[in-house]
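Reading through the C-alpha cells given below for one structure.
Every read-out reported here was derived from the displayed coordinates using simple, explicitly stated rules and does not represent laboratory data. Small disclaimer: the values here were computed from a predicted structure and weren't measured. Counting neighbours? That spans all protein chains shown, and the Cβs are built from the backbone with ideal geometry, glycine included.
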Amino acid sequence: MRWRRPVFLGLMLALTPIAAATEEAGISVRDAWVREAPPGMTMTAGYMLLQNKTSRPQVLVAARSSGFETVMIHRTVAKEGMTGMEHAPQIELLPNASLLFAPGGYHLMLLNPKRTLRAGDRVDITLEFRGGLVLPVAYEVRK
Amino acid sequence: MTTVVLAAILGAVLLAAAYRENGSRAILLPDQVMTLFPAPKPLAAFAFTDHENRVFDLSRLKGKWSFLFFGYTHCPDICPTTLATLARAHESIAKSTAGAQDVQFVFISVDPNRDTAGKLRQYVTYFDATFLGVTGDDAQLGKLAGQFGAAYQVEVKPGTENYPVYHTAAVFLVDPRARYHAVFAPPLDAEGISRRFEVLRELEGPKAT
C-alpha cells in the first residue's frame, strides 16, 4: 500500500499543469444544465455554451462523469424528414468562437444516472479536449 | 406589450388571408411556424391503446382540438423538449378566454416495444397531468403516421434496451371533426403555438365543431 502516496502525488503533479493549461487555454463553459429526467427514465441530456477564447481551434473529444454510467456527445440530426440522434466522436471549436449545446442540436447524452437527479441538484461532468486539456464543469439540473 | 398585440393582429390577418384563398393546398404562413390546410383532411380509422389501457381510436379525436406528437420515451433530447414546450403552450391556452376545455395533447409512441401503458403514464403525466400517451402495433402506427406524412423508423436490436429511433419532430393539429388541420414545424416555441392556435380556433369557431 506504500506505493499509493507517490502515485497519488505523481497524479497531482501531472494534473496540475493540465488544469492550469485549461485556464490559460481560455475554454469556458456557460449556462451548463442537465434536464431533469421524467420518472422511470434512465436517460437525459446536458446542454451548455462552449466558448473557445483562444486563437487556436480546440477539439472536444470526450465527456465523462462519475454521476452517470455513460456520457456521450450526441447531435440531433434530421434524416429524410425524421429526427434522430447521432454520435459526434469529436467537435471542433473554431478559434474565438462559441458552440451551443441546445435542445434539438448538440447535447451530452447522459445514460443511467447513479442517483436520481432532481431540479436544483448539481452534477459534475468533465470535458476532455485534444491535447489533454480537461475542464470540469458543474451542471445545474433543471426541469 | 405593443409588439405582442401587433404580432397577434398580424397573425389574425395572415390566417384570414390564408383562408380567403380557399384552395386545397397547404399554406405555410410567412413566419414558417405553422402550415395550414384550407381544406382539412379527414382522418381514417386507427386503433391505439392509451396510457390507462383504454381504446384510443378516431372517436377520441372528435369534439376536441388535438395536438399530436410522435416520439418515444427513451429519447433524451427532442421528445422531452417538445413535451415541455407543449405543456407551456397548454398552460397559456388554458389562460385564454376560451380556455383549454376543448383541447387535448397526445403523445404517440412509435416504440411500443419499450413504451408500455405504465411507462407512458409515468412519462406523459410528468410533463402535464392531462397529457395522453398512446401507442399501437406497427400496422396501426403506420396507418396514422402515414396520414400526416410522419415518417418514423425503429431499429430494434434484440437483447439491448438501447436502439435508435427516428421520428418526425413536427406537431400535428387535428380539429374537432377529426381532420388534419395544421402542422407546427420545429423548432417549436410555446408562445408561437398557443398564439396561432388561439387565432385559428377563433376563426374556425363553430365551423370546426
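Run the numbers for A:Arg142 and A:Trp33: contour at 0.36 nm per residue of separation, minus the present Cα-Cα distance, in nm.
Details: separation 109, 0.36 × 109 = 39.24 nm, distance 0.66 nm.
Going from the current span to full extension adds 38.6 nm.
Taking the Cα centre of chain B as origin, sum charge times position over the Cβ atoms of Lys and Arg (+1) and Asp and Glu (-1), and report the length of that vector in debye to the nearest 20. Intermediate values should be presented prior to the final figure.
Details: 20 positive and 21 negative charges, 107 e Å.
Once rounded to the nearest 20, the dipole reads 520 debye.
Mean 1/r over all different Cα pairs, inverted: what Kirkwood radius does the range B:69-127 give, in Å? Please list the in-between numbers first.
On the way: mean 1/r = 0.0814 Å⁻¹.
The answer is 12.3 Å.
Using 0.36 nm times the number of residues separating A:Arg130 and A:Ser55, minus their current alpha carbon distance, what extension gain do you get?
On the way: separation 75, 0.36 × 75 = 27.00 nm, distance 1.52 nm.
Fully extending the segment from A:Arg130 to A:Ser55 adds 25.5 nm.
Ratio of alpha-carbon Rg to the 2.2 N^0.38 Å globular estimate for chain B, to two decimals, please. Kindly include the intermediate steps, with their values, before the conclusion.
On the way: Rg = 16.9 Å, N = 209, 2.2 N^0.38 = 16.8 Å.
The value comes to 1.01.
Run the helix sum for chain B: -39,500 (n - 2.57) per DSSP H stretch of 4+ residues, divided by residue count, reported at 222 nm to the nearest 500 deg cm²/dmol. Provide the component values of the computation, followed by the final result.
On the way: 5 runs with 74 residues, N = 209.
About -11500 deg cm²/dmol.
Just grab the label-to-label distance for B:Tyr163 and B:Ala44, each label 7 Å out from Cα along the Cβ direction, in nm (one decimal).
Distance between label points: 2.7 nm.
What's the FRET efficiency of A:Gln90 with A:Leu111 using the Cβ-Cβ distance as r and R₀ = 22 Å, to the nearest 0.05?
On the way: r = 19 Å, r/R0 = 0.88.
That gives a FRET efficiency of 0.70.
So between B:Glu191 and B:Val55, what do we pick up on full extension, going 0.36 nm a residue minus the alpha carbon distance? Could you put the intermediate results ahead of the total?
On the way: separation 136, 0.36 × 136 = 48.96 nm, distance 3.17 nm.
Gain on extension, B:Glu191 to B:Val55, equals 45.8 nm.
Show which lysines lie in cross-link reach of A:Lys79 when reach means a straight Cα distance below 23 angstrom and same-chain residues fewer than eight apart are skipped.
Answer for A:Lys79, where 23 Å is the Cα cut-off: B:Lys143, B:Lys157, listed by chain and number.
Net charge around A:Asn96, counting only other residues with Cβ within less than 14 Å of its Cβ (Lys, Arg = +1; Asp, Glu = -1)? All intermediate terms of the calculation are to be shown ahead of the outcome.
Numbers: positive: A:Lys53, A:Arg56; negative: A:Glu92.
Summing Lys and Arg as +1 and Asp and Glu as -1 gives +1.
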